[in-house]
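The values are calculated or read from the model by the stated rules, or taken from the named source; none is laboratory data. Keep in mind it's a predicted model, so treat the numbers as computed, not measured. We place every Cβ from the backbone using ideal geometry, glycine too, and count neighbours over all the protein chains shown. SASA here: full protein model, heavy atoms, side chains in, ligands and nucleic acids out. Shrake-Rupley method; radii C 1.70, N 1.55, O 1.52, S 1.80 Å.
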Amino acid sequence: ISVINHKGGVGKTTCTVNLGASLALQGNSVLLIDLDAQMNLTHCFIGLPEEDSQCISDCILNKVAIEDIVLETKTKNLFLAPAGESMMDLDIRLQAELGREQLLKAALKKARKEYDYILIDNPPHISLTTINSLAASDYFFVPVSAEYLPMVGIKSLLTTVTQVKGINPSLKNLGFLLTMVDKRE
């Protein structure tokens with residue numbers, strides 16, 4: 001499941017953490033993947049990663065096995081494929097790769113059999129990284145804060161999803177999740 005919106009600050013990481021923890025506490029085996037170069041999901045669980053530590057980009061580009069980078073969290077059944085410094089230039093490096101839109105899907109082939117759920121926290125922009133996420137996913141949902149600007153870009157996001165369906169026709173929208181609602185009058 002890709003958690004995606006090309007607007008930052010709408011709660012993508014918070015939704016990923018809370019949904020993942022909730023599913024894990026129900027007894028499901030859950031893998032969280034941090035595809036965002038800001039590494040906020042990784043920070044939630046391990047703080048700053050070691051400078052030369054392997055991360056999800058090594059799985060995508062260098063064919064490192066996903067099980068070699070996955071970390072246990074303090075929550076039973078909840079695991080993390082962390083981001084790292086190499087995420088900063090992932091999109092640039094993906095440009096030169098053959099089959100670049102489906103490299104994450106290939107990297108996750110074994111993990112799809114080992115985990116009940118895989119949740120992917122995406123960067124706040126449409127890029128080859130987010131296209132990889134959508135190409136590797138069965139589902140996606142869009143966290144949207146209850147404000148005008150985060151809703152403006154949804155049309156372009158859905159256009160991207162339509163294009164990705166050319167390589168992943170089974171991709172389904174789980175919907176839009178309204179976040180940061182202020183009920184005060």
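Structure notes:
- Dipole of region 1-145, positive direction: furthest Cα of SER86, PRO123, ALA135, with charges on the beta-carbon: ALA135
- Net charge of the neighbourhood of SER2, taken over other residues with C-beta under 10 Å away and scored Lys/Arg +1, Asp/Glu -1, is -1.
- Kirkwood analysis of region 1-74, using all unique Cα-Cα pairs, places the hydrodynamic radius at 13.5 Å.
- Two-site label geometry, VAL64 and PHE176: point separation in nm, points 7 Å out along Cα→Cβ: 3.8
- Near the amide H of SER145, within less than 5 Å, lie the amide hydrogens of THR179, all on another chain or at least 5 residues away, with H placed in the peptide plane.
- Counted over the chain, the DSSP beta bridges are approximately 10% antiparallel.
- THR159, THR129, ranked by accessible area, largest first (probe 1.4 Å): THR159, THR129
- Principal semi-axes of the equivalent ellipsoid, √(5λ) from the alpha carbon gyration tensor of region 101-141, are 18, 12, 7 Å from largest down.
- Of every Cα-Cα pair in the chain, the percent that sits beyond 29 Å: 16
- In nm, spacing of pseudo-spin labels at LEU71 and LEU149 (7 Å Cα→C-beta vector): 3.1
- Within the chain, helix-based [θ] at 222 nm, where runs of 4 or more DSSP H residues each add -39,500 (n - 2.57), nearest 500: -9500 deg cm²/dmol
- For ILE1, the solvent-accessible surface with a 1.4 Å probe is about 40 Å², rounded to the nearest 10.
- Heavy-atom accessible surface of VAL144, to the nearest 10 Å², is about 10 Å², with a 1.4 Å probe and all protein chains retained.
- Summed side-chain charge close to PRO169 - residues other than PRO169 whose Cβ falls under 14 Å, Lys, Arg +1, Asp, Glu -1: +1
- Links that overshoot a 19 Å alpha carbon limit, given the list LYS63/LYS109; LYS76/LYS109; LYS12/LYS76; LYS7/LYS63: LYS76/LYS109; LYS12/LYS76; LYS7/LYS63
- Dipole magnitude for the chain: computed about the Cα centre from +1 point charges on Lys and Arg Cβ and -1 point charges on Asp and Glu Cβ, it is near 780 debye.
- More than 14 Å apart - percent of Cα-Cα pairs taken over region 55-130: 63
- Entries of LYS105/LYS165; LYS105/LYS172; LYS74/LYS172 with Cα pairs more than 21 Å apart: LYS74/LYS172
- The GNM of the chain, with springs linking C-alpha atoms under 10 angstrom apart, assigns the highest mean-square fluctuation among PRO124, PRO169, PRO143 to PRO169.
- About the centre of its Cα atoms, region 17-110 shows a dipole size close to 520 debye [charges on the beta carbon of Lys, Arg (+1) and Asp, Glu (-1) only; nearest 20 debye].
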